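S.K.: Right, I'll just put the structure down here and ask away after.
The values are calculated or read from the model by the stated rules, or taken from the named source; none is laboratory data. Treat the numbers as computed from the prediction; the structure is a model and nothing was measured. Using ideal geometry, Cβ is built from the backbone for each residue, glycine included, and neighbour counts are taken over all protein chains shown. All accessible areas refer to the heavy atoms of the entire protein, side chains included, with ligands and DNA or RNA removed. Shrake-Rupley method; radii C 1.70, N 1.55, O 1.52, S 1.80 Å.
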Amino acid sequence: MELVRIYFSDLNGVISFIPATTALASFCLIFYSLRQKLPPKENRIRIILLFYFLLSLTILFFSGMFNIMEGIIRYILPLSSMGIQLMQVLFYHFISEVTASERKKQAISVYHYYVPVLLLLVQSLFYYREFPHLGSLRDVGHYLENYFHITCSLYVLFYAILSWRKVRLYHEMLSRKFSGDKSKIHINWMYWLIILRFIYIGCMVLYALNVTITSLVLYVFVHPLICTLLTYHTLLRDYVFVYQDISNSVMTRGGNIMNIRTDILNDLKAGDKEDPPADNSLIDQKGFEQYFATHRPYLDTELKITGLLDVFKTNKSYLSRFINEVYGMNFRQYINSWRMAEMEKLLQMDENRGKSIGSLCKQAGFGSVRSYWRCKKDKGISDI
């Protein structure tokens, strides 16, 4: 209790309590959402946010304790600087995962995380060498304040620009995929997140110029709003995974998943047309999706994975693995993603006005209305 009293006796402690509460609530909500059965990619997005909020909480806590922790300030300052830098990397990692244009597991290079650690070592040596020559905490703050704000502002600026570029390219891909249909392009929240990063930079620069009111704007407005937007739209799954049409995922006879350029795959198939071996069947992404688009097997309410084995001349484990690795979901989720798309089409057709939701669910392939609502609640976002 004494520590709490001391913490709130300082203005920094009082101000940092608001964003810290927001970050804690966001952390708890995202952590709880991991109980859902989600595709691996979406779980990865949530784990990135968990680390983002955890770092935010840690930095906010120590920022409120600076005036009562003079004895260890030389350790806290470099750690806080690294924490802010890692938060920018995590934010960029989040944006990269959501706007990914390729089906690879690693959205950004791991070297993005190495740089803040390297800077920590350099800053630690610098602080350790200079701190004994400085007298009070005020001297330390005066000596390091400008350096701290400049380096952090440059880091935020660098990753804000990279994130803006990612979102802009993602916007262009969505526009091409949905032919400019704005009802299916939900990315304004990403732009707002990046705009808030630029406001964040402005606040840090103005604070370095002794405009102290900006710290209040940063803590009470900018930071809580960033946490809220990240949490709200992630829980809503307000994104669509869209991949550039430059390669085709193929499963070979040995069960290996390969990414082959479409023109090369067509050449391989053309070479097999004359005398194809009976056991040389390839499950390729293009053909797989074309079969579903043409024959629409998902309209069968009793469809099971075993019903597709003869079509693709494979076994259950291979087909299940293909769907899981290429689309990041299991067979049921994949089939339901097609049914949800079919249901959306049916609901928009004029001739279906007046029909019951139950009859439309049957037409779309759902076994019941309950199955449809359950799927709508826990749907897997795909790039079909």
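S.K.: Hey, among the residues in segment 234-255 that are touching a Leu at 6+ places or on another chain (Cβ under 9 Å) and modelled with pLDDT of 75 or more, which one's farthest from K377 (Cα to Cα)?
M.R.: V240
S.K.: Pick from segment 322-361 the residues that are in a helix (DSSP H, G or I) and among the charged types (D, E, K, R): which of them is farthest from V240 (Cα to Cα)?
M.R.: Filtering segment 322-361 for residues that are in a helix (DSSP H, G or I) and among the charged types (D, E, K, R), the one farthest from V240 (Cα to Cα) comes out as E351.
S.K.: Let me ask something else. Somewhere in segment 329-340, is a residue modelled with pLDDT of 85 or more, within 30 Å of T234 (Cβ to Cβ) and open to solvent by 70 Å² or more (accessible area, probe 1.4 Å)?
M.R.: Yes, segment 329-340 contains a residue that is modelled with pLDDT of 85 or more, within 30 Å of T234 (Cβ to Cβ) and open to solvent by 70 Å² or more (accessible area, probe 1.4 Å).
S.K.: So, one more: Among the candidates D267, D310, single out the residue that is open to solvent by 50 Å² or more (accessible area, probe 1.4 Å), in a helix (DSSP H, G or I) and at pLDDT 50 or above.
M.R.: Residue meeting the stated conditions: D310.
Each row is one residue, and each column tells you yes or no for (1) β-branched (V, I, T); (2) open to solvent by 70 Å² or more (accessible area, probe 1.4 Å); (3) at pLDDT 80 or above; (4) over 30 Å from P19 (Cβ atoms).
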{"site": "Y232", "(1), (2), (3), (4)": "no, yes, yes, no"}
{"site": "G271", "(1), (2), (3), (4)": "no, no, no, yes"}
{"site": "P276", "(1), (2), (3), (4)": "no, yes, no, yes"}
{"site": "F288", "(1), (2), (3), (4)": "no, no, yes, yes"}
{"site": "L299", "(1), (2), (3), (4)": "no, no, yes, yes"}
{"site": "E302", "(1), (2), (3), (4)": "no, yes, yes, yes"}
{"site": "T306", "(1), (2), (3), (4)": "yes, yes, yes, yes"}
